[in-house]
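Each reported figure results from applying straightforward, stated rules to the coordinates on display, with no laboratory input. Model, not experiment: these values are computed from the prediction. Cβ: placed from backbone, ideal geometry, glycine included. Neighbour counts: every protein chain shown.
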Amino acid sequence: MSRVFVTGSADGLGLLAARQLVGDGHRVTLHARSEERAEQARRALPEADAVVVGDVSALDAMRSVAAQVDALGRHDAVIHNVAVGYQEPRRIETADGLAHVFAVNVLAPYVLTVLIDRPSRLIYLSSGMHRSGRADVDDPQWVRRRWNGSRAYSESKLYDAMLSRAVARRWPDVRSNAVDPGWVPTRMGGRGAPDDLRLGADTQAWLAVTDDPATGGYFYHREPHSAVPTTPEAEDALIDYCAGLSGIPFP
């Protein structure tokens, strides 16, 4: 039996992955951005061990969520599922002055990775849309560029794959992998999405408990797939950038 923390698990793919893990006999900690959403998560999956609360668009909340998880005891795996989508019509700035998409989709996984007691497995939710992103960190906050919500989301999902690879290199004792869940009919994906919703949650749940794959991979429906290649230098630049933004160095 494993103990797994799933970010962004009040609904959607995160909740489905958590439900699958519980059904397979594992212990799960859920995460919601507010108390109202936390109560929704408790009703949806009463078998979960606990629900931690925090809107991870804010740095203080990222730190709080990490502290809440560690207070519960060590987890064997963390699924970095939390994300916002590609439909933001303008650049939204967080309380910390960061681009909302980058803060939630990239910086939060970075901060939680660094601050949560190191698990045996880390899973980062990417997307097939990452292929439209660019790997450099010249303007990840979209300060100089004209806002494009779809591109900003795609870029964030490429960064998630890069983060997974960087962690795999730096922590060889941890299985760190990225997942493309497919275009599934969630609130983010829309009702017309063609992929199987159940399969969209299956791979991250599997990676959270299996000893099969090694590390540094990119998976779709439990099979290794090719992702946009990036260099260790670009991946390290992303780590350094997130460390600088958050004030939390990678150990």
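About its Cα centre, what dipole magnitude does the chain give when the only charges are +1 on Lys and Arg Cβ and -1 on Asp and Glu Cβ, stated in debye to the nearest 20?
Dipole magnitude for the chain comes out near 380 debye.
Between residue 100 and residue 173, how high is the FRET efficiency from 1/(1 + (r/R0)^6) when r is the Cβ-Cβ distance and R₀ = 51 Å? Nearest 0.05.
The formula returns an efficiency of 0.95 here.
Mind sorting 158, 115 by how few other Cβ atoms lie within 10 Å of their own Cβ, fewest first?
Ordered by Cβ neighbours within 10 Å, fewest first: 115, 158.
Can you sort 62, 129, 162 from fewest to most other Cβ atoms within 10 Å of each residue's own Cβ?
Ordered from fewest to most neighbouring Cβ atoms within 10 Å, 62, 129, 162 come out as 129, 62, 162.
Once the dipole of the chain is set up with Lys and Arg at +1 and Asp and Glu at -1 on Cβ about the Cα centre, which of 28, 125, 231 lies farthest towards its positive end?
Highest projection toward the positive end goes to 125.
Taking the number of other C-beta atoms within 10 Å as the exposure measure, put 100, 225, 26, 31 in order starting with the fewest.
Placing the least packed residue first, the sequence is 225, 100, 26, 31.
State, to one decimal in nm, how far the label point of residue 93 lies from the label point of residue 243, with both points 7 Å from Cα in the Cβ direction.
According to this spin-label approximation, the distance is 2.8 nm.
Label residue 199 and residue 39 with points 7 Å out from Cα along Cα→Cβ: what is the distance between them in nm?
Output for this residue pair reads 3.8 nm.
Name all residues of the range 222-251 having a backbone nitrogen under 14 Å from the label point set 7 Å from the Cα of residue 131 along its Cα→Cβ direction, giving them as ranges.
Residues 225-229 fall inside that zone.
Put +1 on the Cβ of every Lys and Arg and -1 on every Asp and Glu Cβ in the chain; which of 38, 67, 51 then has its Cα farthest towards the positive end of the dipole?
Going by the Cα projections, it comes out as 38.
Equivalent-ellipsoid semi-axes (√(5λ), Cα gyration tensor) for the chain, whole Å, largest first?
24, 20, 19
Which of 149, 23, 12 moves most in a GNM of the chain, Cα contacts under 10 Å?
It is 23.
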